1. Which of the following residues is more than 14 Å from the chain's Cα centre (by Cα) and closer than 22 Å to residue 4 by Cβ: 32, 69, 26, 14?
2. Any idea which of (1) at pLDDT 90 or above; (2) within 14 Å of the chain's Cα centre (by Cα) is the one residue 78 doesn't satisfy?
3. Report yes if residue 22 is out of contact with any helix residue (DSSP H, G or I) (no Cβ under 6 Å at 6 or more places or on another chain), surrounded by 10 or more Cβ atoms within 10 Å (Cβ to Cβ) and part of a helix (DSSP H, G or I), otherwise no.
4. Every residue in segment 34-75 that is surrounded by 11 or more Cβ atoms within 10 Å (Cβ to Cβ), more than 13 Å from residue 16 (Cα to Cα), out of contact with any helix residue (DSSP H, G or I) (no Cβ under 7 Å at 6 or more places or on another chain) and modelled with pLDDT of 90 or more, please.
């Protein structure tokens, strides 16, 4: 049975959780499949990964509350319509 392709909006809402490995395997595969074919979402995922890597390299330790605020902020901005 073929898996339904997720939309960019659906991926955007779950991208941070995907990058953090917080989703079940079915969702992870759906997002992976979308990122394989969608250049825009692939670039967004790459940018988020680079930001996370840069922050990790420069921060002696992470404040869980600050990370939670950053995650919530990124989820909020991913719902904005940019048309």
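The values are calculated or read from the model by the stated rules, or taken from the named source; none is laboratory data. Keep in mind that this is a model prediction, so the values were computed, not measured. Note that each Cβ is placed from the backbone with ideal geometry, even for glycine, and that neighbours are counted across all protein chains shown.
1. 26
2. Condition (1) is where residue 78 drops out.
3. It is false that residue 22 is out of contact with any helix residue (DSSP H, G or I) (no Cβ under 6 Å at 6 or more places or on another chain), surrounded by 10 or more Cβ atoms within 10 Å (Cβ to Cβ) and part of a helix (DSSP H, G or I).
4. Once the filter is applied, which keeps residues that are surrounded by 11 or more Cβ atoms within 10 Å (Cβ to Cβ), more than 13 Å from residue 16 (Cα to Cα), out of contact with any helix residue (DSSP H, G or I) (no Cβ under 7 Å at 6 or more places or on another chain) and modelled with pLDDT of 90 or more, segment 34-75 yields only 43.
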